[in-house]
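Below is one structure, written out as structure tokens; comments come after it.
What follows is calculated from the coordinates using simple rules that are stated; it is not laboratory data. This structure is a prediction, so every number in the text was calculated from the model and none was measured. Positions of Cβ are backbone-derived with ideal geometry, glycine not excepted, and every protein chain shown enters the neighbour counts.
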Amino acid sequence: MEAHTSTLTVYIPMRDIVIFGAPGAGKGTQSDYIVERYGLTHISTGDLLRKEIADKTELGIRIKSIMDAGQLVSDDIVITMIDNAIAHDTHGILFDGFPRTVAQAETLDKLLANHGRSLTCMIQLEVPREELIRRMLERAKVSGRSDDNEETIKHRLAEYESKTFPVAAYYAKQGKAIPINGLGDIKAISASIARAIDAK
Ligand code: B4P
């Protein structure tokens, strides 16, 4: 009798996800969990920019004063970083801290489309302003980040409100924004995020 072997093919969808929220909302914190669970490449524009500063590159020297003032780095600089990341990725990406302007969001759609991809969803962490300030001042005690001080935090929140918050409406119009309560236990927030992504 002929022996039959069967191969089980498991289909793992390629996901590209944005994690969105105000400064201090917990994007970096929840990113660790999401990349681990879904096997994604983690691209944090904040981390990439801080690495340029730490390495004292020409770009790093240019952007340090911008970040220390609590302002956004120019779109062309971060878009170049993201373009490179997408070109080299085959796993799906978690975009952390990007897009931060509507122009960045429009460009992300185009860059993904160039590679035959489209955004799965945008996880929108919602945290009240007083809690954001409390967390960043708390983080300041250990982070060594020169932008974690009261004056810069105020500027960062103002930049968020005027330039970044409109990105939420951009994704809501596409039906891709998923609001998540970012207050409370970190693991409980991760569980809410997983439920939202699994339902997509
Ligand atoms: P980012 O590095 O993106 O950082 P962030 O917004 O400050 O913080 P995040 O939301 O990741 O908070 P975290 O998890 O650490 O940006 C820094 C700067 O880079 C920007 O101001 C800008 O200048 C520049 N930049 C970055 N991307 C850019 C772009 N696309 N365009 C232009 N400029 C760009 O959480 C904060 C704290 O809260 C932590 O200490 C954490 O432990 C704590 N925390 C988290 N979850 C909690 C919870 N549930 N309860 C209590 N505490 C919690």
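Table for the structure above
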read-out	value
Percent breakdown of C-alpha pair distances by 10 Å bin, ordered from the shortest bin, for the chain	8, 34, 36, 15, 3, 2, 1, 0
Exceeding the 21 Å Cα-Cα cut-off - candidates K110/K154; K64/K110; K154/K187; K27/K141; K27/K163	K110/K154; K64/K110; K154/K187
Computed over the chain: relative contact order in percent, which uses C-alpha pairs under 8 Å that are six or more apart	31
All-pairs alpha carbon distance profile, the range 147-200, 5 Å steps from 0, percent	4, 16, 16, 16, 20, 18, 7, 2, 0
Long-range Cα-Cα pairs in the range 25-142 (distance over 19 Å), rounded percent	53
Residue-by-residue Karplus 3J(HN,Hα) for the range 120-127, coefficients 6.51, -1.76, 1.60, Hz, glycine and proline x	6, 6, 10, 8, 10, 7, 10, 9
5 Å binning of all Cα-Cα separations within the range 52-92, expressed as whole percents from 0 upward	6, 21, 22, 24, 14, 10, 4, 0
Nearest 10 degrees, 0 to 90: helix 102-114 Cα axis against the chain principal axis	30
Kirkwood Rh in Å, taken over the range 67-136 so that all alpha-carbon pairs contribute	13.9
Filtered chymotrypsin sites (Phe, Trp or Tyr not before Pro), the range 8-67: DSSP coil and at most 11 other beta carbons within 10 Å	Y11
Convex hull volume per residue in cubic angstrom - Cα atoms of the range 14-75	109
Unit charges at the beta carbon, dipole of the range 112-166: most positive-side option, G144, A158, I133	G144
Check: the range 38-179 dipole with +1 on Lys, Arg Cβ and -1 on Asp, Glu Cβ, in debye	160
Estimated vicinal HN-Hα couplings, Hz - the range 163-179 in sequence order (Karplus 6.51, -1.76, 1.60; Gly, Pro = x)	10, 8, 3, x, 4, 4, 5, 4, 7, 4, 4, 7, x, 10, 7, 10, x
Crossing angle, helix 186-198 versus the chain [Cα axis fit, 0-90 degrees, rounded to tens]	50
HN-Hα J in Hz across the range 79-90 - Karplus 6.51, -1.76, 1.60, θ = phi - 60°, x for Gly and Pro	5, 4, 4, 5, 4, 4, 4, 5, 4, 9, 9, 10
Degrees separating the helix 27-38 axis from the principal Cα axis of the chain, which is the longest one	10
